[in-house]
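Reading through the C-alpha cells given below for one structure.
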Amino acid sequence: MRNIKLKLLTAAAIFAELGHPARLSIVKELVKSGSDGVNTGKIGEKLNIPNSTLTHHIRRLESVGLIEREQIAQRLVCRMNAPLIKSLSHYLLDACCTQAKKKSC
C-alpha cells in the first residue's frame with residue numbers, strides 16, 4: 001500500500017468534493033464494497049441518483065483521485081482509492097492532541 005502525504009490545498013480540494021451529500025454517499029457505498037467495487041448502475045439504483053447526475057458526481061470524485069473507474073465488458077465499475085481515503089483521515093488526526101494537556105487520543 002502506498003503512503004500518500006497530503007498538503008493543505010490538496011486535502012481541501014478533496015474534502016470540498018466530499019462536501020456534497022450525493023458524493024459522500026457514493027464514496028460510502030464504495031468503501032463498503034472494498035476492492036471489489038460497485039457497478040455504477042447499482043450505485044444509482046441504491047442511492048436513487050439518475051444516470052446523468054451520477055456520472056457528474058463520479059467524474060468529480062475521480063478528478064480528485066477518490067475513486068477509480070474501470071470498464072469491464074458492458075459494466076462500468078467504480079472502486080474507492082483506499083490509500084487516499086486513509087491519508088485523509090491521517091491528515092486530520094496526525095496532530096491529534098499534540099497540544100492538549102491531557103492526551104485523550
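Checking the cross-link filter: which aspartates and glutamates have an alpha carbon closer than 13 Å to that of Lys86, excluding same-chain neighbours under 8 positions apart?
Asp94
Ser63: accessible area at probe 1.4 Å, nearest 10 Å²?
90
Please compute the net charge surrounding Tyr91, taking Lys and Arg as +1 and Asp and Glu as -1 over other residues with Cβ under 14 Å from its Cβ. Let's see the in-between values first.
Numbers: positive: Lys5, Lys7, Lys86; negative: Asp94.
Taking every other residue near Tyr91 into account, the sum is +2.
To the nearest 10 degrees, how steeply does helix 8-18 sit against the main Cα axis of the chain, on a 0 to 90 scale?
40
Using Cα positions and a limit of under 21 Å, work out the lysines in reach of Lys42, with same-chain residues fewer than 8 apart set aside.
Excluding near neighbours in sequence, the set is Lys28, Lys32.
The values are calculated or read from the model by the stated rules, or taken from the named source; none is laboratory data. Predicted, not measured: the structure shown is a model, and the values here were computed from it. Because the Cβ atoms are built from the backbone with ideal geometry, glycine has one as well, and the counts that use them run over all protein chains shown. These accessible areas exclude ligands, DNA and RNA; they are computed on the full protein's heavy atoms, side chains included. Shrake-Rupley method; radii C 1.70, N 1.55, O 1.52, S 1.80 Å.
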